[in-house]
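Enquirer: I'd like to ask some things about the structure below.
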Amino acid sequence: MLDYINSYLSDTVHVTPGEAGNFFWALVYIIAIFAGLSVAVIAMNWLERKILAHMQIRLGPMRVGPHGLLQPVADAIKLLLKEDILPSEADPLVFWLAPLIVVWTAFTVFIVVPFGPTHAVTDMNIGVLFMLGVSSLSVLGVVTAGWASNSHYPLIGALRSSAQMVSYEIAMGLAVVSAVLMSSLNAEGTGTLSRIGLVQAQEAQQTWFIFKFFPLGLIAFFVFAVAMVAETNRAPFDLPEAESELTAGFHTEYSGFRWSLFFLAEYSAMIAVSSIAVTLWLGGWLRPFPHALTGETWDLVFSLFPGITFMFLAAITFYSVARMPKHPYFRVQTIGLAGFGAVLALIGLALFAPPVRDRIQDVYWFVVKVAGFMYLYIWYRGTFPRYRFDQLMKVGWKVLLPIGLGVLILTAVSGIVF
Amino acid sequence: MPDATKFLSHLELGETDQTFLDSNELIINMGPQHPATHGVLRVILKLDGEKVLGTECVIGYLHRGVEKIAEHRTYTMFNPYVDRMDYVAAVSNGLGYCEAVEKLMNVEAPPRANYIRVILTELNRLASHMLWLGTHALDIGAITPLFYTFRDREEILKIFEKYCGARLTTHAFRIGGCLYETYDGFEQDVTRFLKFVAPKIDEYEELLTTNRIWVERTKKVGYITADDCKALGVTGPVLRASGVQWDLRKAQPYAAYKEFDFDIPTGTNGDTYDRYLVRMQEMRQSLRIIDQAVGKIPEGPIMAKVPKVIKPAVGEIYHSIEAPKGELGYFIVSDGSTQPYRVRVRPPSFVNLQALDQMVRGQLVADVVAVIGTLDIVLGEVDR
Amino acid sequence: MADETKAPAPPPSGEPKDSQGKPNPPSVEPVPAKKPGDPAAPANPGAPGSVATGSAPAHHEAAPAKPVGPAATEWHSEMVSRLTRQYGSGIREASTYLGQNYMVVDSSLIPELLRLLRDQEQFDYCVDITALHYPEKEKAFEVIWILYSFAKNERIRVKTEIVDGQVVPSSFSIWPTANWLEREVYDMFGIRFDGHPDLKRILLPDGWKGHPLRKDYGIIQQDNEWVQINLGIESGQ
């Protein structure tokens, strides 16, 4: 254990706890990811409602806590306390199992997500494959959920979901392969499926793969970005749970805690696929311009970003505090908001400390990139109408699949030529 | 005239067992509790996978017996009830009823009242179309336009509220004219609203008209020909989108519509996209009418000389107006007493809903939702 | 004038004949103040009702005094003469009231005449089908078709009188819109339409007893048994 801490603190060794065979630290990482993910889902919930609300000229949650900050907590409590309804005609075992499968797959993929060169549970040499494989298992949970409910809407939702996920996985896989091909453009000529290896390949080639063989990398990224929205059943591809058609799709019959598991799984799946996109095309944990803007000064500037971000958030919070209505009724909320701001500011201050800011930088850039994708997800939802099922299939098979294939071939050719 | 048998619902219930394991066909109930049926409409769908083989509408969940109530109320007392039928276009309902009774009594509303009626009715048409647009887009999955249209509809409701105190079920008109004189600043409010809303309609169109997904979802969906429309008695924007240039405001002008210059927008394909375009154009035409009307509201009384107790002569009348949903008719029979002997309402939503089966057969489940939205039904009017 | 409303006793019909086709110029004879003393009078000479002629035989003497009210006049048109030539006395009456044309025809003519109206007279749009109930009359029901012609921009009403229980031929094959409209008439009045593809209740639930728009159906009346069984409300209300 001490060995690992020493190796972690020394800049020379770059291994993940899983690689080092250190089960204790691996466990710590797993718990940290689990907790972090839950917090991220809760934050996502609040952010989605707020951002969507502001896109739609309304305020969103405003009542529970200042600016509705405690709304996700209230929702979570509500969901936990709600009656857990088991439809009388449902298959109890499968009905019970389905949300577990979905949640299990959604969380398992995170053991290969590299938040930094050393910040991952493990560095699997087939990381990308593992992630695609495990995340496509989640369709099993969706199908069993629809099947076990023994009801028509969930059944249709489950069938839609299985067809959709299977078709888009192909386009997604082709896009991934073209990125893996790009990673093989090194002296040895061998690519890697390790996600840490993929980011290191981008570092070695001094470019994000999205800009590689312009515009091939961009197109492959585009194919992946569309397919990943479809993979996670989000708007405009949210047919399996199309609210206005199938009420709630495959989870129509679920309530309370089980439903919240689906919710949790959906959001963590969104984060998971975004993390693939980030590692494959957007340079993973690499900070912007790691080769162009080098030197002590730039390192310092970029390492200050995490702290600055938190200070900025704290500043917004304090500005909101100043704008709170000056009325005794709002006193508790104002104090709460000020406290929240103080916590943010303290975190920001802590992130300015030199050892912390050097260690935390990679995680910070990774999270920022993923957060960008999360914002896109919300933006899509606010903008697009929903595709119809046949159109969805058409887009998957007739548009994305040929493009993905073409990009793959062109990438291979380019790799040989250049 | 098309062969009638093709309009029959091919839904043969009972043949397929409800357990769906041993059959390729699936019977599902859409509604009466469903997010996209705009109230308590129940549609039984027979599906082959996602394809709709047949539908049957089950209605009546909101039946309140309005026509029976009418027979036990005086003409004046029944007036507020009509607002509760198509509650998103209450002013149009009221206009139709008041004009029908006026016709039965052989009374004409004074010009000033007619102008006020036209302005309020056209505002109401705008409000109704806005609500339609928001909910229709929501059904197709675009959630944002709903809030935009509600924001702008609010301005119309504010004008109603200032005029008569009510926002939704306004009871704005009385038999013989209007009860209320326009409030101070009515013209300014309406003009300001016109200036406010014209760019907003462009905004809706920006969000949807060229949106690729929107076009794919609505083009060639819910197609109905002009002949089928006539055969099924479908009126309003649905008929016009099929290419029939027929609008009661032009064909048989009522109120003061003769005096205004406006066009009847028509479509060519009769699909959901054309109906969308027609309604968007209608909103612009409504703005034109209001713009003309508000500038020249004549002076004069707002109430014709109508006795306090309304007792039309023995006889009967059918009067219909162009409500936002189609032809809204009132067939009133008087036996010479203070209460109507019979009031029959010819509800546009009820008749238009009949075309649902024809429009969705052979299409997908998602299209059913789109078509229900595009028919613009209000269950209060369907069930009465 | 609408003769169905003269159920209790035949009033003097068609006395004043001053309205020709178009509605009269607003013939307001407004005496807003109601004469005191006869509150129950259905046709007080001064009251608005009296602009009509003979709405109640008891006040018959008032009618000649105010002959300006609207009244049904004969409806002259080529179409009517054509139809009368073809069907003779089957066309019982063709009149205009307040500018609106209607004809009362014999119930035996029904599917044929309607089809002819659609095919030859271009009444291609069936606006509405409805019914009226006159419990006092021998022919207690009147079924009304409101038709419109897009080509002629003209609206007419076709009426026929039937006795209770008589079956009317369905016009579904003429105008498919009749499907739901006839179902509603059946639901509300209990008039059966022969040849209708699926004649069942539309607004009321299937097992309901009674037809609410009949005059003998009370306004607060409902099928208590149905409510008790299906809704589980013991009192039935």
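Enquirer: Mind listing whichever residues of the range B:356-377 are buried (at least 24 other Cβ atoms within 10 Å of the Cβ) and either not in a helix (DSSP H, G or I) or not aliphatic (A, V, I, L, M) (or both)?
Expert: Once the filter is applied, which keeps residues that are buried (at least 24 other Cβ atoms within 10 Å of the Cβ) and either not in a helix (DSSP H, G or I) or not aliphatic (A, V, I, L, M) (or both), the range B:356-377 yields B:GLN358, B:ASP367, B:GLY373, B:THR374, B:ASP376, B:ILE377.
Enquirer: If you take the residues in the range B:145-162 that are in contact with an Asp or Glu (Cβ under 8 Å, 6 or more places away or on another chain) and buried (at least 17 other Cβ atoms within 10 Å of the Cβ), which one is nearest to the other protein chains (Cβ to nearest Cβ)?
Expert: Across the range B:145-162, the extreme among qualifying residues is B:TYR148.
One line per residue, one yes/no per condition, for (1) farther than 30 Å from A:LEU246 by Cα; (2) outside the structural domain of B:VAL345 (by TED's automatic domain parsing); (3) more than 21 Å from the chain's Cα centre (by Cα); (4) surrounded by 24 or more Cβ atoms within 10 Å (Cβ to Cβ):
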| site | (1), (2), (3), (4) |
| --- | --- |
| B:GLU50 | no, yes, yes, no |
| B:GLU71 | yes, no, yes, no |
| B:MET77 | yes, no, yes, no |
| B:PRO80 | yes, no, no, no |
| B:ALA113 | yes, no, yes, yes |
| B:ARG117 | yes, no, no, yes |
| B:THR121 | yes, no, no, yes |
| B:TRP132 | no, no, no, yes |
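Enquirer: Mind listing whichever residues of the range C:148-181 are within 23 Å of B:HIS319 (Cα to Cα), under 13 Å from the mean Cα position of the chain (by Cα) and more than 7 Å from every other protein chain (Cβ to nearest Cβ)?
Expert: So in the range C:148-181, the residues within 23 Å of B:HIS319 (Cα to Cα) come out as C:148-161, C:171, C:175-181.
Add one more test, that the residue is under 13 Å from the mean Cα position of the chain (by Cα), and what stays is C:156-161.
If the condition is that a residue be within 23 Å of B:HIS319 (Cα to Cα), under 13 Å from the mean Cα position of the chain (by Cα) and more than 7 Å from every other protein chain (Cβ to nearest Cβ), then C:ILE156, C:VAL158, C:LYS159, C:THR160, C:GLU161 are the ones that fit.
Enquirer: Among what's in the range B:224-241 and is more than 9 Å from chain C (Cβ to nearest Cβ) and not in a helix (DSSP H, G or I), pick the residue that is farthest from C:PRO176 (Cα to Cα).
Expert: B:GLY236
Enquirer: Let me ask something else about it. Being free of Cβ contacts under 8 Å to residues at least 12 places away in the same chain, in a loop (DSSP other than H, G, I, E, B) and either within 11 Å of chain B (Cβ to nearest Cβ) or crowded, with 16+ Cβ neighbours inside 10 Å (or both) narrows it down to one residue among C:ILE191, C:ILE219, C:ILE202; which is it? Quick ask: steps written out before the conclusion?
Expert: Working: C:ILE191 fails: free of Cβ contacts under 8 Å to residues at least 12 places away in the same chain; C:ILE202 fails: free of Cβ contacts under 8 Å to residues at least 12 places away in the same chain.
Step by step, each of C:ILE191, C:ILE219, C:ILE202 is checked, and only C:ILE219 is free of Cβ contacts under 8 Å to residues at least 12 places away in the same chain, in a loop (DSSP other than H, G, I, E, B) and either within 11 Å of chain B (Cβ to nearest Cβ) or crowded, with 16+ Cβ neighbours inside 10 Å (or both).
Enquirer: Does any residue of the range B:339-359 turn out to be more than 20 Å from the chain's Cα centre (by Cα), of a type in the set (Gly, Ala, Ser) and either modelled with pLDDT of 85 or more or assigned by TED's automatic domain parsing to the domain that holds B:VAL234 (or both)?
Expert: Checking the range B:339-359: not a single residue is more than 20 Å from the chain's Cα centre (by Cα), of a type in the set (Gly, Ala, Ser) and either modelled with pLDDT of 85 or more or assigned by TED's automatic domain parsing to the domain that holds B:VAL234 (or both).
Enquirer: I need every pair where a residue in the range C:159-180 that is within 23 Å of C:LYS139 (Cα to Cα) has its Cβ under 7 Å from the Cβ of a residue that is of a type in the set (A, V, I, L, M) and part of a loop (DSSP other than H, G, I, E, B), sequence separation at least 6 or different chains.
Expert: Cβ pairs passing all conditions: C:VAL163/C:ALA140; C:ASP164/C:ALA140; C:VAL168/C:ILE191.
Enquirer: Let me ask something else about it. If a residue has to be outside any loop (DSSP other than H, G, I, E, B) and more than 14 Å from every other protein chain (Cβ to nearest Cβ) to count, how many in the range A:36-90 make the cut? Write out each step before concluding.
Expert: As a first pass, look at the range A:36-90 and keep what is outside any loop (DSSP other than H, G, I, E, B): A:36-55, A:66-68, A:71-81.
Then drop every residue that is not more than 14 Å from every other protein chain (Cβ to nearest Cβ), which leaves A:36-47, A:50, A:66-68, A:71-81.
Within the range A:36-90, residues that are outside any loop (DSSP other than H, G, I, E, B) and more than 14 Å from every other protein chain (Cβ to nearest Cβ) number 27.
Enquirer: Pick out the one residue from A:VAL407, A:VAL356, A:VAL370 that is at pLDDT below 85 and more than 14 Å from chain B (Cβ to nearest Cβ).
Expert: Going through A:VAL407, A:VAL356, A:VAL370 in turn, just one is at pLDDT below 85 and more than 14 Å from chain B (Cβ to nearest Cβ): A:VAL356.
Enquirer: So, one more: Given B:ARG249, B:ARG279, which one is in a helix (DSSP H, G or I) and within 14 Å of chain C (Cβ to nearest Cβ)?
Expert: After applying the criteria, what remains is B:ARG249.
Enquirer: Here's a follow-up. From the residues in the range A:213-241 that are within 14 Å of chain B (Cβ to nearest Cβ) and either outside any loop (DSSP other than H, G, I, E, B) or in contact with a Gly (Cβ under 6 Å, 6 or more places away or on another chain) (or both), which one is surrounded by the fewest Cβ atoms within 10 Å (Cβ to Cβ)?
Expert: The residue in question is A:VAL226.
Enquirer: Determine which single condition B:LEU13 fails, assuming it passes every other condition in (1) modelled with pLDDT under 85; (2) of a type in the set (A, V, I, L, M, F, W, C); (3) surrounded by 17 or more Cβ atoms within 10 Å (Cβ to Cβ).
Expert: Unmet condition: (3).
Enquirer: So, in the range B:173-209, exactly how many residues are of a type in the set (A, V, I, L, M) and in contact with a Leu (Cβ under 9 Å, 6 or more places away or on another chain)?
Expert: 6
Enquirer: For the structure I just gave you, tell me whether A:SER275 is touching a residue at least 40 places away in the same chain (Cβ under 8 Å) and farther than 28 Å from A:ASN186 by Cα.
Expert: Values: touching a residue at least 40 places away in the same chain (Cβ under 8 Å): yes; farther than 28 Å from A:ASN186 by Cα: no.
In short, no.
Matching residues to (1) at pLDDT 90 or above; (2) touching a Pro at 6+ places or on another chain (Cβ under 9 Å); (3) of a type outside the set (A, V, I, L, M, F, W, C); (4) not assigned by TED's automatic domain parsing to the domain that holds B:ILE119:
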{"site": "B:GLY233", "(1), (2), (3), (4)": "no, yes, yes, no"}
{"site": "B:GLY243", "(1), (2), (3), (4)": "no, no, yes, no"}
{"site": "B:LEU248", "(1), (2), (3), (4)": "no, no, no, no"}
{"site": "B:ALA251", "(1), (2), (3), (4)": "no, no, no, no"}
{"site": "B:GLY267", "(1), (2), (3), (4)": "no, yes, yes, no"}
{"site": "B:GLY270", "(1), (2), (3), (4)": "no, no, yes, no"}
{"site": "B:VAL278", "(1), (2), (3), (4)": "yes, yes, no, no"}
{"site": "B:GLU282", "(1), (2), (3), (4)": "yes, yes, yes, no"}
{"site": "B:GLN285", "(1), (2), (3), (4)": "yes, yes, yes, no"}
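Enquirer: If the requirement is being crowded, with 19+ Cβ neighbours inside 10 Å and under 24 Å from the mean Cα position of the chain (by Cα), which of these qualifies: A:ALA145, A:ALA74, A:ALA43?
Expert: A:ALA145
Enquirer: Before we move on, is B:THR169 among the hydroxyl-bearing types (Ser, Thr, Tyr), touching an Asp or Glu at 6+ places or on another chain (Cβ under 7 Å) and modelled with pLDDT under 90?
Expert: Answer is yes for this residue.
Enquirer: Residues that are within 22 Å of B:VAL101 (Cβ to Cβ), modelled with pLDDT of 90 or more and away from chain A (no Cβ under 14 Å): does the range B:124-140 have at least one?
Expert: Yes, the conditions are met somewhere in the range B:124-140.
Enquirer: Can I ask one more? Select, from B:VAL244, B:VAL221, the only residue that is crowded, with 19+ Cβ neighbours inside 10 Å and within 14 Å of chain C (Cβ to nearest Cβ).
Expert: Going through B:VAL244, B:VAL221 in turn, the sole match is B:VAL244.
Enquirer: If you don't mind, another one. Return yes when B:ILE332 is away from every other protein chain (no Cβ under 12 Å), farther than 16 Å from B:LEU126 by Cβ and not in a helix (DSSP H, G or I) and no when it is not.
Expert: No; evaluated as a whole, the condition is false for this residue.
Enquirer: Scan the range A:96-117 and tell me whether some residue there is in contact with a Ser or Thr (Cβ under 9 Å, 6 or more places away or on another chain), surrounded by fewer than 21 Cβ atoms within 10 Å (Cβ to Cβ), without any contact (Cβ under 8 Å) to a residue 60 or more places away in the chain and among the aromatic types (Phe, Trp, Tyr).
Expert: Yes, the conditions are met somewhere in the range A:96-117.
Enquirer: Inside the range B:190-209, can you point out the residues that are surrounded by fewer than 18 Cβ atoms within 10 Å (Cβ to Cβ) and either free of Cβ contacts under 8 Å to residues at least 40 places away in the same chain or β-branched (Val, Ile, Thr) (or both)?
Expert: B:THR191, B:ARG192, B:LYS195, B:PRO199, B:ASP202, B:GLU206, B:THR209
Enquirer: Given the condition part of a strand (DSSP E or B) and among the basic types (Lys, Arg), answer yes or no: does some residue in the range C:142-154 qualify?
Expert: No - not one qualifying residue is present in the range C:142-154.
Enquirer: Taking the condition over 29 Å from B:HIS136 (Cβ atoms), more than 14 Å from chain C (Cβ to nearest Cβ) and of a type in the set (Lys, Arg), does B:LYS296 pass? Can you show your working first?
Expert: Numbers: over 29 Å from B:HIS136 (Cβ atoms): yes; more than 14 Å from chain C (Cβ to nearest Cβ): yes; of a type in the set (Lys, Arg): yes.
Answer is yes for this residue.
The values are calculated or read from the model by the stated rules, or taken from the named source; none is laboratory data. Keep in mind the model is a prediction, meaning the values are calculated, not measured. Methodologically, a virtual Cβ is constructed for each residue, glycine included, from the backbone with ideal geometry; neighbour enumeration extends over all protein chains shown.
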